[in-house]
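Some notes on the structure that comes next.
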Amino acid sequence: MRWFRMRYSSVEDANGRVYRIVGQADDIQEFKERAELAESIRHRLNAAPTAYKFNDDVVSQIFDLFYSSSDISGAVETTLALLGEYYDLSRVYIIEDVDGHSASENTFEWCAPGVEPQKEFLKHVSYDEIGGWRQYVSCFDESGVFYCPDMSALPPEIRAILERQGIFAVLQCAIKDDGVYSGMVGFDECRADRRWTEEQVGTLMFVSRIVSSFLLKLRKSDNAAFSADFRAALDDNSAFVYIITSDTFEVIYSNKAIQDFYKNDFVGKNCYREFIGRDEPCEECPVLRLHDPKAPRVVEVQRADGMLVLSYVSPLRWNGRDMVMVSCVDITESKKVELALSSANIALWTYDIKEDCFTISANSAYRYGVKEVLAGAYRAALADGIVMPDSAVEYTALHEKIKNGERTASATIHYNKKLWPAEWMTVTYTAVFDPSGKPSMAIAIGQDVTALIKGGKKD
């Protein structure tokens, strides 16, 4: 069942008589869900016993922000900034548990001017480093508040990690999922000692409950990306597909094709050790350069078993952590074909639609003396003068067809022979689609037809 808002208006003739009723249906399902969640949160906040007073104006303002916003992440960031500035805090942040409460990750952060951010240093902190999950959770009282104006009173492991961040006083409010600690909203003072007032503690606690309720809804939505339907789509894929953590390269999931071929799912193991027999990631691994827009997302990899694969990587957010989905296609035999094609003046490259770049096959790049990666793809080729102006319309249309979902597209293009393998090429693209049915990349074959064109035989 979905919720719609119905609106009607009448249309009258010249005599003022109604002869038509026009209706409009607006889908308000998302708004309805936010309203129901907001009402549930308001009820729980009013009913929850607490020993703390709070600033009703601040709580109401933030409650209304989440109620009216469809961008939960944006509302969280705005809330952290609002609290930090209103209470003159050094740092406001959110830490979320990952890997089944074995570690935590700093997922949101706001810092006052001059305060050093810590998010990059707290990407994946094992609870073993701070005395274990249970010891840390024991610092919170029955209201879910960890209030510490004096660092010397803390267990040494917890005190050490807080002091490394330059913290003089800390207040943290637990995020609980079905009553179980799963993270916290934190407030740090890094400039001097600080005693939190009762009103500050109460307000920050209530705001944290609002934030955590909406944040848990967001995380459940994130997890839907890895639902049974998504797994089924990956299992139906004949390519080898697996998902790894972006920091440790640990395999979280592998599809049926991998499990059938290797008789192993490799979950919990490092992909580079299991698949290519190395003790560390490859220097050219695209996962290492995911945040570089100019870095290739497609690379050729020689596996430990001798198989040559074309690997495509795509970032994925799941369970509050940055993951990477890796798709591998066996090109061992096609590589032999490529070598044969190159001798026949045929070039190969891939068009990464999502990352908007070309990746020229290593053999073609070497043979023709061109760059292996061209960021900006076809627009860059036009801007850099690789494609001649008289082919600009056909060249743009060729790529737009592939981007818009056509499975194949072809055109004869006039290139700058100083910058491309041939002056005239007939380019044929074949699209590759992701599990959702959208084109993610395309494989191009460019055949040198310069002799035909100059001989007046252009088709």
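The numbers here are math on the coordinates, done by the rules we state, and not lab data. All of these numbers come straight from a predicted model, not from anything done at the bench. Here Cβ is always computed from backbone atoms with ideal geometry, including for glycine, and neighbour counts include all displayed protein chains.
Decide, for segment 48-223, between rounded, prolate and oblate: order the square roots of the alpha carbon gyration tensor eigenvalues as a ≥ b ≥ c, take rounded if a/c falls under 1.5, and otherwise choose prolate if a/b is larger than b/c, else oblate.
Rounded is the answer for segment 48-223, as its axis ratio a/c remains below 1.5.
A 20 angstrom limit on the alpha carbon distance is what I want to check against. Which of Lys354/Lys403; Lys354/Lys401; Lys256/Lys354; Lys354/Lys417 exceed it?
Beyond 20 Å: Lys256/Lys354; Lys354/Lys417.
Ordered by packing density, taken as the mean number of other Cβ atoms within 10 Å over each peptide's residues, highest first, how do 125-131, 307-313 rank?
The most tightly packed comes first, giving 307-313, 125-131.
Enumerate the amide H contacts of Phe433 below 5 Å, restricted to partners 5 or more residues apart or on another chain; note that Pro and chain-start residues carry no placed amide H.
Ser440
Which of the peptides 145-155, 104-114 is most tightly packed, and how do the rest follow, judged by the mean count of other Cβ atoms within 10 Å per residue?
Ranking the peptides 145-155, 104-114 by packing returns 104-114, 145-155.
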